[in-house]
Amino acid sequence: MKEIIVAPSILSANFLDLKNDLDITEKSLAKWLHFDVMDGHFVPNISFGSAILRQVKGYSKLFMDVHIMISDPLKYAKEFIDAGADILTFHYEALKSDEEILQVIKLIKSNNCKVGISIKPDTKVEKIFKYLNMLDLVLIMSVEPGFGGQSFMDNSLNKIKELRLEIDSNKYNCLIQVDGGINDITSYKCRNAGADVLVAGSYLYGKIDFSSRVKKLMGI
């Protein structure tokens, strides 16, 4: 059985006591830290920018998993890479053409950063198949991006299964990440469908049993 990567979402952490939450995260089996960057334009919410990432990167040894829900990924990609992103995931829907998408992929990879593409719940997963040989990760949004605490959309499971089949049949080196409504029940469904990385926020932060909850997400 493959090991599942858990990426706690810092959006749900306590920013008045962030060091403590980072320490709790590092003591668990979670290996990644997920950053939800929102610009108030591509999604109807604003979160934080590269300054927070830079400070956290300077403190934590976790793998920095940065998801930019912004309208102009080409303009801001390098800013987040320079701030410490280990992998930078942008949205398929933020760009207008194959040419623009390839441009962003090339920019990220040329700056020695791993690259991912995310798709919203209404986007067909087949749309990004043509890019899989260039990607390190595909992020399936199982809620509408923009706000935490939403319920998991079960139609995401078919996307995960389709993507798993496409990746495995072509032997692509690309992880499948799922974000939105992840808990002990939905994580089981995602693992069975073929997910590699699970993002969870409100299920983990603010809970006294953080470490045991991470294990539940991993299926151990």
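The table that follows gives values for the structure above.
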{"read-out": "Restricting region 138-164 to residues that are β-branched (Val, Ile, Thr) and crowded, with 23+ Cβ neighbours inside 10 Å, the residue that is farthest from Ser118 (Cα to Cα)", "value": "Ile160"}
{"read-out": "Qualifying helices (runs of 4 or more DSSP H) (wholly inside region 61-171; at least 3 residues being touching a helix residue (DSSP H, G or I) at 6+ places or on another chain (Cβ under 6 Å), under 14 Å from Phe35 (Cβ atoms) and not hydroxyl-bearing (Ser, Thr, Tyr))", "value": "73-83"}
{"read-out": "The listed residue being under 16 Å from Val6 (Cα atoms), out of contact with any Cys (no Cβ under 8 Å at 6 or more places or on another chain) and of a type outside the set (S, T, N, Q), out of Asp196, Asp168", "value": "Asp196"}
{"read-out": "Residue within region 43-51 that is touching a helix residue (DSSP H, G or I) at 6+ places or on another chain (Cβ under 8 Å) and modelled with pLDDT of 95 or more present", "value": "yes"}
{"read-out": "Hey, Ile176 under 18 Å from the mean Cα position of the chain (by Cα), of a type in the set (A, V, I, L, M) and under 27 Å from Tyr205 (Cα atoms) or not", "value": "yes"}
{"read-out": "Hits in region 165-197 - residues which are under 17 Å from Ser151 (Cα atoms), surrounded by 18 or more Cβ atoms within 10 Å (Cβ to Cβ) and of a type in the set (Asp, Glu)", "value": "Asp179"}
{"read-out": "Qualifying positions in region 53-84 - among the aliphatic types (A, V, I, L, M) and closer than 17 Å to Thr25 by Cβ", "value": "Leu53, Val56, Leu62, Met64, Val66"}
{"read-out": "Residue in region 171-178 that is over 24 Å from Val43 (Cα atoms) and among the hydroxyl-bearing types (Ser, Thr, Tyr) present", "value": "yes"}
{"read-out": "Residue in region 186-209 that is in contact with a His (Cβ under 9 Å, 6 or more places away or on another chain), among the aliphatic types (A, V, I, L, M) and farther than 20 Å from Val125 by Cβ present", "value": "yes"}
{"read-out": "Any hit, region 200-213, residues being in contact with a Cys (Cβ under 7 Å, 6 or more places away or on another chain) and either of a type in the set (A, V, I, L, M, F, W, C) or modelled with pLDDT of 95 or more (or both)", "value": "no"}
{"read-out": "Matching residues, region 198-218, being surrounded by 15 or more Cβ atoms within 10 Å (Cβ to Cβ) and in a loop (DSSP other than H, G, I, E, B)", "value": "Gly201, Ser202, Tyr203, Leu204, Tyr205"}
{"read-out": "Residue in region 1-21 that is surrounded by the most Cβ atoms within 10 Å (Cβ to Cβ), counting only those that are under 19 Å from the mean Cα position of the chain (by Cα) and within 18 Å of Gly49 (Cα to Cα)", "value": "Pro8"}
{"read-out": "In region 120-133, the residues that are among the hydrophobic types (A, V, I, L, M, F, W, C), in contact with a Phe, Trp or Tyr (Cβ under 9 Å, 6 or more places away or on another chain) and without any contact (Cβ under 8 Å) to a residue 40 or more places away in the chain", "value": "Ile128"}
{"read-out": "Residue pairs meeting the criteria (Cβ under 9 Å; at least 6 apart or on separate chains; first without any contact (Cβ under 8 Å) to a residue 60 or more places away in the chain and closer than 22 Å to Tyr131 by Cα, in region 77-92; second of a type in the set (Phe, Trp, Tyr) and in a helix (DSSP H, G or I))", "value": "Leu88/Phe80; Tyr92/Tyr131"}
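The values are calculated or read from the model by the stated rules, or taken from the named source; none is laboratory data. Computed from a predicted structure; not experimentally measured. Positions of Cβ are backbone-derived with ideal geometry, glycine not excepted, and every protein chain shown enters the neighbour counts.
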